[in-house]
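Novice: Okay, handing you the structure first.
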Amino acid sequence: MRVVIAEDNALLREGLVLLLGSAGHEVAGVAATGPEVLPLLLEQRPDVAVLDVRLPPGFRDEGLRAALDARRKLPALPVLVLSQYVEETYAAELLGGGAHGVGYLLKDRVGRVDEFLEALERVAAGGTALDPEVVTELMSRSRGKGPLDSLTPREQEVLRLMAEGRDNATIAKALVITERSVHKHIGNVFAKLGLPPSDSGHRRVLAVLAYLKR
Amino acid sequence: MTVFNSPRPTVPIPWHQLPNRRCSQLYRARGPGAHTLIVMRRVTVREVLRSAVRASFHLVTGAGLSVVCYLMIGLTLLAATATACVIGAGMLPETVRVLRGLAGFERRRVAAWLGTPVPERYLPLDQGSLLERVRAAGSDPGTYRDLRWLAAQLLYGLVLCYAAMVLWPLGLLVDGVWCGLARRPAVLLPRLSELATLEARISRQLLLPSPSARLSERIDQLAATRAGAVAAHGAELRRIERDLHDGAQAHLVALSMRLGLARRAYDQQPAAARTLLDAAQDQAEEALAELRHVVRGIHPPVLTDRGLVGAVRALAAGSGLEVSVAVQGLADGPEDGGRAPAAVEAAAYFVVAEGLTNAAKHSGADRATVELWREDGMLRVRVRDEGRGGADEGSGTGLLGVRRRVAALDGSVCLTSPSGGPTVVEVVLPCAW
């Protein structure tokens, strides 16, 4: 995969390059400031972009803005946004244009190299990767509103993993159960929450998130 | 504990006990640190004459001012009647402006004589419509204080000048014999200085802003420093957040990345994993160093452990300069008795840190002095180096940060750095303790 990175901290930039290189990906370009990002993406047309939220010159949300612009200009471009803290509104803004090929993760997750690479590949393939922290925040806010409490613990775990954007196979692997039982749990979740049954993929993520945000 | 510059009462030796009974006079001089010292000096006839001439000059300008006041009273009456008849309302603000100019001149003259500034406070006169300006001119309490002074100056300015005229020939005769021939201290001519001081004191009293104006000025000042404190606090929080974000947090993420890579490499390439683990350890150490740096910026731990004096000594020891630290009235240790509030201690600490950093970096000096003393419920800090001076406050952010920190505590910063040195930073921090 060809990857473009935008990260202002030299230490982390170097670490990401090392990490992606070790996984056999090609780093096609590196940006250190907000205004460099979009031209670089338009020039390189990578398979996926990994962007830091906070970039110079303003050190606010330049990276996020660049990601939103990039998705407007190159709608098929998968974007994985990294940040040192998660903000649910940022997730909402990113998902505003659809959950196709969108990722929003805490930088901490990069340390779990395999999981991070799995999430990156998922996003590059058009999937979704939402940080567990965002999902936890959403789930805790939806608590006490009825249907969510009627889910069994296992079903809640399935819902959480669905919201993170994982497909049935990885959910099965994460929970160490068969894909068949995952399928069954998902059916139950959708029925209990009153959601129309949805196939796997980003449409399902959106449905789940929309429910959680209600 | 070193005692420095103490307001030790210097008992003056009476003039007649001096071995040489020449004209002697006691002078009150303002010593460093505004401690009033009584300095014994013998005053020659020439000096007596010189100060009498200076005083007379002051009194004559005062009399000249009285004449101008006389004219000004006429102008004021004219403007008042013109305003009363509506047609000449435009004259009023302009006249008040002239009056303020005149009062301003006297304030500067008095300030020069007494050595203390005379604050002034007026409502602005150059904003709004004519009606608003007339209203401002008429309703400003400052205008009435100026008018009161105007009338009074006409009287005492002339009276005191006439008194000086009478005193001169008498003084020349009496002191000529008494001081010049009999070598006794001058009696009459020094009275001229007292007359000039009396004139300046009366003017100062009349021209000081009213208590309510001073109060409202104080409120403005408090509002400004409070806003400054809030802004400084906000800036401080942002600085800490930025430091943590770019420093420790980034290092920890990088550390975690290295560990993740090392784990991946562990089975196939143990050598590579080892290198990665080494790098990870370096990263962990850097993260700790970053955290220490941030913590020190928030509240230096040495302050907690050693108290202000110990912390300042530590700063002095680590500054790379030969620094002498003089302390008075402060506890030399971490025990609670005699310690200033934590915010005041931290501010004083950063003042010293900034002062010594600048001295080491820019002054070219190899030695500096730090003085800390407690006086009238104030903590005073002075950092002085004998370097090349010419420190420019606008050129760095360090002193600005110090200034904000100190202003937030209602204190004041005074930087003097003439070209050629010395550079002195003096800070007063009020603290009830």
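Novice: Could you please give the count of residues in segment A:40-63 that are of a type in the set (A, V, I, L, M), crowded, with 24+ Cβ neighbours inside 10 Å and assigned to a helix (DSSP H, G or I)?
Specialist: Here the count works out to 1.
Novice: Can we say A:GLY21 is in a strand (DSSP E or B), at pLDDT 90 or above and over 26 Å from A:VAL134 (Cα atoms)?
Specialist: So A:GLY21 does not fit the description; no.
Novice: Another one. Mind listing whichever residues of segment B:252-273 are at the interface with chain A (Cβ under 7 Å from one of its Cβ atoms) and exposed (fewer than 15 other Cβ atoms within 10 Å of the Cβ)?
Specialist: Answer for segment B:252-273, where residues must be at the interface with chain A (Cβ under 7 Å from one of its Cβ atoms) and exposed (fewer than 15 other Cβ atoms within 10 Å of the Cβ): there is none.
Novice: A follow-up question, please. Among the residues of segment A:1-19, write down those that are in contact with a strand residue (DSSP E or B) (Cβ under 7 Å, 6 or more places away or on another chain) and either without any contact (Cβ under 8 Å) to a residue 40 or more places away in the chain or more than 14 Å from chain B (Cβ to nearest Cβ) (or both).
Specialist: Within segment A:1-19, A:MET1, A:ARG2, A:VAL3, A:VAL4, A:ALA6, A:ARG13, A:VAL17 qualify.
Novice: Checking B:ILE240 against (1) surrounded by fewer than 19 Cβ atoms within 10 Å (Cβ to Cβ); (2) among the hydrophobic types (A, V, I, L, M, F, W, C); (3) under 30 Å from B:VAL402 (Cβ atoms); (4) touching an Asp or Glu at 6+ places or on another chain (Cβ under 9 Å), only one condition comes out false. Which one?
Specialist: All conditions are met except number (4).
Novice: Shifting gears a bit: Looking for something part of a helix (DSSP H, G or I), at pLDDT below 85 and closer than 27 Å to B:ALA235 by Cβ - is there at least one such residue anywhere in segment B:385-393?
Specialist: Within segment B:385-393, one or more residues are part of a helix (DSSP H, G or I), at pLDDT below 85 and closer than 27 Å to B:ALA235 by Cβ.
Novice: Restricting the search to segment A:38-56, which residues are within 19 Å of A:ARG13 (Cα to Cα) and away from chain B (no Cβ under 14 Å)?
Specialist: Initial filter on segment A:38-56 (within 19 Å of A:ARG13 (Cα to Cα)): A:38-41, A:44, A:46-56.
If the condition is that a residue be within 19 Å of A:ARG13 (Cα to Cα) and away from chain B (no Cβ under 14 Å), then A:LEU38, A:PRO39, A:LEU40, A:LEU41, A:GLN44, A:PRO46, A:ASP47, A:VAL48, A:ALA49, A:LEU51 are the ones that fit.
Novice: Among the residues in segment B:399-420, are any part of a strand (DSSP E or B), under 26 Å from B:ASP305 (Cα atoms), out of contact with any Phe, Trp or Tyr (no Cβ under 7 Å at 6 or more places or on another chain) and modelled with pLDDT of 85 or more?
Specialist: no
Novice: Which of the residues that make up segment B:404-433 are under 22 Å from B:ALA227 (Cβ atoms) and among the charged types (D, E, K, R)?
Specialist: Matches in segment B:404-433: B:ARG404, B:ARG405, B:ASP410.
Novice: Any chance segment A:180-192 includes a residue that's in a helix (DSSP H, G or I), within 25 Å of A:LEU105 (Cβ to Cβ) and of a type in the set (Gly, Ala, Ser)? Break it down stepwise before answering.
Specialist: Start the filter on segment A:180-192 by keeping residues that are in a helix (DSSP H, G or I), which leaves A:180-192.
With within 25 Å of A:LEU105 (Cβ to Cβ) added as a condition, the list becomes A:182, A:185-186, A:189.
Keeping just the survivors that are of a type in the set (Gly, Ala, Ser) gives none.
The answer is no; no qualifying residue exists.
Novice: Same structure, new question: Which fully enclosed helices (runs of 4 or more DSSP H) of segment B:187-296 have 1 or more residues being touching a helix residue (DSSP H, G or I) at 6+ places or on another chain (Cβ under 8 Å) and modelled with pLDDT of 90 or more?
Specialist: B:190-207, B:250-265
Novice: Another one. Of all the residues that make up segment A:136-158, how many are free of Cβ contacts under 8 Å to residues at least 40 places away in the same chain and either over 23 Å from A:THR89 (Cβ atoms) or among the hydrophobic types (A, V, I, L, M, F, W, C) (or both)?
Specialist: Count: 9.
Novice: Only residues that are within 30 Å of B:ARG135 (Cβ to Cβ) and hydrophobic (A, V, I, L, M, F, W, C): list them for segment B:106-124, please.
Specialist: Passing the criteria: B:VAL110, B:VAL118, B:LEU123.
Novice: Please go through segment A:104-160 and pick out each residue that is of a type in the set (Gly, Ala, Ser) and closer than 30 Å to A:ARG54 by Cα.
Specialist: Narrowing segment A:104-160 to residues of a type in the set (Gly, Ala, Ser): A:111, A:119, A:124-127, A:129, A:140, A:142, A:144, A:146, A:150.
A:GLY111, A:ALA119, A:ALA124, A:ALA125, A:GLY126, A:GLY127, A:ALA129, A:SER140, A:SER142, listed by residue number.
Novice: Of the conditions (1) modelled with pLDDT of 90 or more; (2) not in a helix (DSSP H, G or I), B:ARG97 satisfies every one except a single condition; which number is it?
Specialist: (2)
Novice: From the list B:ARG108, B:ARG145, B:ARG100, exactly one residue is under 26 Å from B:SER216 (Cβ atoms) and loosely packed, with under 14 Cβ neighbours inside 10 Å. Which is it?
Specialist: That would be B:ARG108, the only listed residue that is under 26 Å from B:SER216 (Cβ atoms) and loosely packed, with under 14 Cβ neighbours inside 10 Å.
Novice: Could you list, in sequence order, the residues of segment A:72-94 that are at pLDDT below 90, away from every other protein chain (no Cβ under 14 Å) and in contact with a strand residue (DSSP E or B) (Cβ under 6 Å, 6 or more places away or on another chain)?
Specialist: Correct list: A:ALA91, A:LEU94.
Novice: List the pairs whose first member sits in segment B:156-184 and is on the phi > 0 side of the Ramachandran plot, whose second member is among the charged types (D, E, K, R) and not in a helix (DSSP H, G or I), and whose Cβ atoms are under 8 Å apart, counting only residues at least 6 apart or on separate chains?
Specialist: B:ARG183/B:ARG21; B:ARG183/B:ARG22
Novice: Which of the residues belonging to segment A:151-176 are closer than 20 Å to A:GLU137 by Cβ, within 17 Å of the chain's Cα centre (by Cα) and charged (D, E, K, R)?
Specialist: Of everything in segment A:151-176, those that are closer than 20 Å to A:GLU137 by Cβ, within 17 Å of the chain's Cα centre (by Cα) and charged (D, E, K, R) turn out to be A:ARG160, A:GLU164, A:ARG166.
Novice: Here's another thing I want to ask about it. Within segment A:27-39, does at least one residue satisfy the condition of being in a helix (DSSP H, G or I) and within 26 Å of A:ASP114 (Cβ to Cβ)?
Specialist: Within segment A:27-39, none of the residues are in a helix (DSSP H, G or I) and within 26 Å of A:ASP114 (Cβ to Cβ).
Novice: Another one. Quick one: which of A:GLY29, A:GLY126, A:GLY97 is touching a residue at least 60 places away in the same chain (Cβ under 8 Å) and more than 14 Å from every other protein chain (Cβ to nearest Cβ)?
Specialist: A:GLY126
Novice: Those residues that are free of Cβ contacts under 8 Å to residues at least 40 places away in the same chain and more than 18 Å from the chain's Cα centre (by Cα), I need them from segment A:186-209; list them, please. Let's see the steps before the verdict.
Specialist: The initial filter retains those residues of segment A:186-209 that are free of Cβ contacts under 8 Å to residues at least 40 places away in the same chain, namely A:186-191, A:195-200, A:207.
A:ILE186, A:GLY187, A:ASN188, A:VAL189, A:PHE190, A:ALA191, A:LEU195, A:PRO196, A:PRO197, A:SER198, A:ASP199, listed by residue number.
Novice: B:GLU217 fails exactly one of the following numbered conditions: (1) within 11 Å of another protein chain (Cβ to nearest Cβ); (2) charged (D, E, K, R); (3) in contact with a Pro (Cβ under 8 Å, 6 or more places away or on another chain). What is the number of that condition?
Specialist: Answer for B:GLU217: the failing condition is (1).
Novice: Also, I was wondering about something else. How many residues are surrounded by 15 or more Cβ atoms within 10 Å (Cβ to Cβ) and part of a helix (DSSP H, G or I) when one looks only at segment B:81-94?
Specialist: The number of residues fulfilling the criteria is 5.
The values are calculated or read from the model by the stated rules, or taken from the named source; none is laboratory data. What you see is a predicted model, and the numbers here were worked out from it, not measured in a lab. Please note: Cβ atoms are built from the backbone with ideal geometry, for glycine as well, and neighbour counts cover all protein chains shown.
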